[in-house]
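See below for the structure under consideration.
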Amino acid sequence: MFLDQLFSFQMKWASSTIIEKSFIDKSYFRNEKLKYLLQRFPDTFLFLYEPIFLLKKAPVEMEVLLITPTEVWCIIFLEEENEAVYLGSKERFWIKRANRNESKILNPMISLNRMAKIIMQLLNYHQIDIPMKKAIISRNGYIDYPNAPIDVALLEKRKYPEWFKQQRNHLSPLKHIQLKTAKVLLDYCQTTSAKRPEWNNRGGIEENPFDILKD
């Protein structure tokens, strides 16, 4: 109950400022993956969940960015069905086997590499030196990719628990470079919000936003 109450507070905190407020789709409050990330990882970890980056006025959708005190993780989740087996390759499509059926899915490495490339370019441009890692996570399935790139962690059902335990045992406090990284990335993210009614202009004259604090 405590974690659920905290989750509601986190959602409110993440979607509002003193001046503006965003209206969150109700589906996010029932999103198992989002709740898992916020409730099970250390409080010193920062997340960007399905952010939309605006680059040269073009929107670019991403999946999950995990900013720890010491590194940045670009993460793609593969969790469509329980006990599914994903056969990885360098081709445009991977093979998914589940419930005795076989189908094709778009190679998740395409989105993951694009996400990592964009994040790295932004951090380099702002001269932020923090390690960046890439991961494909399948908590409920298996990934078979013998020739996977060495710079990608395949955290499937057999390997994920160990990685998760390592993250949970991360004892570093919030760091300046971590907050600076988050600030830079947020500056490039799309925000959909509305000004709070109490901050609207009165009589067409723009007010000092800090005057209300003096009353």
For segment 1-135, accessible area per residue (1.4 Å probe, heavy atoms of protein chains only), Å²: 62 Å²
Carbon plus sulfur fraction of accessible area for segment 66-210, probe 1.4 Å, in percent: 51 percent
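What percent do you get for the relative contact order of the chain when only Cα pairs under 8 Å and 6+ apart count?
Answer for the chain is 23 percent.
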For residue 83, solvent-accessible area (1.4 Å; no DNA, RNA or ligand), Å²: 90 Å²
Size of electric dipole in segment 39-132: Cβ of Lys, Arg +1 and of Asp, Glu -1, about Cα centre, debye, nearest 20: 460 debye
Among 93, 160, 124 the positive-end extreme of the charge dipole of the chain (Cβ point charges): 93
Highest average packing first - 186-193, 128-135, Cβ atoms within 10 Å: 128-135, 186-193
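Fully extended, how many nm does the chain gain between residue 124 and residue 3 (0.36 nm per residue separation, minus their Cα-Cα distance)?
Contour length minus the Cα-Cα distance gives 39.9 nm.
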Rounded FRET efficiency, nearest 0.05, which uses the C-beta distance separating residue 27 from residue 191 and R0 of 22 Å: 0.70
Prolate/oblate/rounded label for segment 1-124 (Cα gyration tensor, a/c 1.5): oblate
Residue-count net charge about residue 157 - beta-carbon cut-off 15 Å; Lys, Arg +1, Asp, Glu -1: -1
Size of electric dipole in the chain: Cβ of Lys, Arg +1 and of Asp, Glu -1, about Cα centre, debye, nearest 20: 380 debye
With all protein chains modelled, accessible area of residue 73 [1.4 Å, Å²]: 20 Å²
Efficiency of FRET from Cβ geometry, residue 107 and residue 20, R₀ 35 Å, rounded to 0.05: 0.40
Gaussian network model of the chain, Cα within-10 Å springs - most flexible of 11, 109, 120: 11
Segment residue 55-residue 180, extension gain: residue separation times 0.36 nm, minus the distance between their alpha carbons: 43.1 nm
Of every Cα-Cα pair in segment 56-156, the percent that sits beyond 18 Å: 50 percent
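The values are calculated or read from the model by the stated rules, or taken from the named source; none is laboratory data. Quick caveat: nothing in here was measured; it's all calculated off a predicted structure. Using ideal geometry, Cβ is built from the backbone for each residue, glycine included, and neighbour counts are taken over all protein chains shown. The area values use the complete protein model at the heavy-atom level, side chains included, leaving out ligands, DNA and RNA. Shrake-Rupley method; radii C 1.70, N 1.55, O 1.52, S 1.80 Å.
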